[in-house]
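Working notes for the structure below.
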Amino acid sequence: MRVAALCVGGGAECESIGQARRCGSVERVFHLDDSSLNKADFFTLGMVLAEAAQHLCAGLVITGESSDEEGQGLVPAALAHHLRAPLVSRVQGIRALESPPNCVEVSLRASGRLCRLQSPLPLIASVPPLGLPAGTAGETELRPIETLTLEQLGIDPSRLVFRPELLGIFVPGKPVPVQGGTFDEAADILLRRNH
Amino acid sequence: MASIVAYIEVREGIVTAPTRFLLAEARRVGDLAGATVYALLAMGPVEHNRIEQIAEQVSAAGADRVLCSTSEHLAGPPLDATHGALLAQVAEHLRPVLFLFPAGGVGVELGSPLAVRIGAAYVANAGIELRSERSDVAPASLRVILTRWRAAQDGRRKVDVGDLERPVVAILASGTASRPLGEPCADVEMLSCPEPKYPELHVVASEALPDSAIELCSAAVRVPATASASALADLQSALPMGTALVTPTDAQLGAFQVARPREVVWVSPAQDDNDDLWPPRVPGCVATKVDFDPGAMSSDPDHALAALTAALRQARSRAEGPA
């Protein structure tokens, strides 16, 4: 299997692209950035990623489980929906199978169990923050960034529809910070909810 | 009448604690908003009396009606590839205003694909608020509002169910539901299971994970990795039911990532500020850090755990009063 990294949005200097360019196991690095995607919702982003994956003839697409911003995990689901491929989450490991051809074995956590399953490609696999181990291929010279455009993917930016209402209204604020406490206070907190 | 669908997670034959809390929340919303609460069971082939036993549990926990589908396709872990078609079918038929998943990981696997498939709004790590709105020109109305913190911790997202002309799929936080809210009733409506969308995807093996209870916790205590087994066991025995003890091993933190506890106590050396591996914060979550000074309490954390253990036992004694 050949490995390519794909980033949509974020600017060519973003850390994700930088890591991909230095990673020895990544052969090609693609970046798609268009101002019309600045306010893209998860559904639109998933559609664009799906079109890009098809353009690159990707059979296995590995994604992070959720973003650092919204943190909902909707983009992998939207990507799978548009690519008409199954999505598996909480993936712990993936390996290509020699037989049957074009199949992978995936290990994942589900319902308190560690499961191994086999799936033909295409497949979308989302990985939690503590999922797959860091690659051992080592670093390499910086890969060049290959630019993709919406036009190459056959997407007309003027026809993109954004639906921010699906995420809800944003209310700025901070959660209550971690409070310092004593052992007695901690015990009262833990026991209080049972009363 | 409006509908609320609650997905029922059963592990090792037992309805999970987050699921019971989910039903209690659905009941609370259903009673005030005038909605019917449907419990949805998806299981492998099983004897009918076993289904009735589970149906009694879920109806006592707050469900009005129990829907059940049994099929070989549903016997394995809940994956969108195997279970997604059934969920979409139920959503298409009932048109619920809310489709709810319990904490513990099942929502991560099933919730977002369902939301995308049916064009629903989606709220992960949600808390439910019921707000009464009074007006001079109209009768008071009840607003059902789901809130969650963004992962960036820079604000919340609020979804008012009544403002949307589409359903809302949500994963709730954990909580405790200590008392029955309904009558145990074994009436079950059996549903046919649609063919899975991706039948070639199949499970070849699965094994129970020893730390899986962490996924279902409603409260958690994080302790240093260097604590001894005896100190951990002592503390675990003093903790209330539903409270998980979490050490920073990869396996336990992997389980902790899908937990949605409402209380988290962190016992750590005073200089340790690394909170990168907290699970997503849920609305109303109380997070408390108890620092201990390794220099003052000997060089190992066992003394800190023993102090917390003693505090729990003393607090319980005070609450129970003299014999």
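The values are calculated or read from the model by the stated rules, or taken from the named source; none is laboratory data. All figures in this text were calculated on a predicted structure; none of them were measured in a lab. Using ideal geometry, Cβ is built from the backbone for each residue, glycine included, and neighbour counts are taken over all protein chains shown.
Numbers at a glance
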quantity	calculated
Matching entry among B:A231, B:A177, B:A225, B:A173 (being in contact (Cβ under 8 Å) with a residue 60 or more places away in the chain, over 23 Å from the mean Cα position of the chain (by Cα) and within 30 Å of B:T309 (Cβ to Cβ))	B:A231
Flag for B:E56 being charged (D, E, K, R), at pLDDT 95 or above and under 21 Å from the mean Cα position of the chain (by Cα)	no
Checking A:L160 against (1) over 25 Å from B:V116 (Cα atoms); (2) surrounded by 17 or more Cβ atoms within 10 Å (Cβ to Cβ); (3) in contact (Cβ under 8 Å) with a residue 40 or more places away in the chain, the condition it does not meet	(1)
Residue list for segment B:46-88, restricted to those being polar (S, T, N, Q) and within 14 Å of chain A (Cβ to nearest Cβ)	B:T82
Residue check for A:E70: out of contact with any Gly (no Cβ under 9 Å at 6 or more places or on another chain) and either surrounded by 20 or more Cβ atoms within 10 Å (Cβ to Cβ) or under 27 Å from A:S158 (Cβ atoms) (or both)	yes
Residue in segment B:29-37 that is surrounded by fewer than 22 Cβ atoms within 10 Å (Cβ to Cβ), in contact with a Ser or Thr (Cβ under 8 Å, 6 or more places away or on another chain), part of a loop (DSSP other than H, G, I, E, B) and of a type in the set (A, V, I, L, M) present	no
Any hit, segment B:5-21, residues being within 29 Å of A:L117 (Cβ to Cβ), modelled with pLDDT of 95 or more and of a type in the set (D, E)	yes
Residue match in segment B:270-284 (condition: at pLDDT below 90 and not in a loop (DSSP other than H, G, I, E, B))	no
Helices (runs of 4 or more DSSP H) within segment A:1-92 that include 3 or more residues without any contact (Cβ under 8 Å) to a residue 12 or more places away in the chain	A:15-22
Residues of segment A:64-91 satisfying the condition of being farther than 14 Å from A:A40 by Cβ and more than 7 Å from chain B (Cβ to nearest Cβ)	A:G64, A:E65, A:P76, A:L83, A:R84, A:A85, A:V91
So B:D136, is it at pLDDT below 95 and either closer than 27 Å to B:G84 by Cβ or facing chain A (nearest Cβ under 8 Å) (or both)	no
Check on B:T176, among the hydroxyl-bearing types (S, T, Y), surrounded by 20 or more Cβ atoms within 10 Å (Cβ to Cβ) and in the same structural domain as B:A24 (by TED's automatic domain parsing)	no
Hits in segment B:195-209 (condition: within 11 Å of chain A (Cβ to nearest Cβ) and farther than 21 Å from B:T19 by Cβ)	B:P196, B:K197, B:Y198, B:P199, B:E200, B:L201, B:H202, B:V203, B:V204, B:A205, B:E207
Residue match in segment B:7-14 (condition: buried (at least 22 other Cβ atoms within 10 Å of the Cβ), under 22 Å from B:L110 (Cα atoms), more than 14 Å from chain A (Cβ to nearest Cβ) and of a type in the set (A, V, I, L, M))	no
Any hit, segment B:235-243, residues being more than 12 Å from every other protein chain (Cβ to nearest Cβ), in contact with a Phe, Trp or Tyr (Cβ under 7 Å, 6 or more places away or on another chain) and either within 16 Å of B:D302 (Cα to Cα) or buried (at least 21 other Cβ atoms within 10 Å of the Cβ) (or both)	no
Matching residues, segment B:163-183, being closer than 30 Å to B:A55 by Cα and outside any loop (DSSP other than H, G, I, E, B)	B:V168, B:V169, B:A170, B:I171, B:L172
Enumeration of residues in segment B:32-55 that are more than 20 Å from A:S111 (Cβ to Cβ) and out of contact with any strand residue (DSSP E or B) (no Cβ under 9 Å at 6 or more places or on another chain)	B:E47, B:N49
Qualifying residue in segment B:156-173 (condition: closer than 21 Å to B:A259 by Cα and surrounded by fewer than 15 Cβ atoms within 10 Å (Cβ to Cβ))	no
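Okay, residues lined up against (1) farther than 20 Å from B:M1 by Cα; (2) touching a Pro at 6+ places or on another chain (Cβ under 7 Å):
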position: B:A85; (1), (2): yes, yes
position: B:H93; (1), (2): no, no
position: B:F101; (1), (2): yes, no
position: B:L114; (1), (2): yes, no
position: B:G119; (1), (2): yes, no
position: B:V123; (1), (2): yes, no
position: B:S132; (1), (2): no, no
position: B:V144; (1), (2): no, no
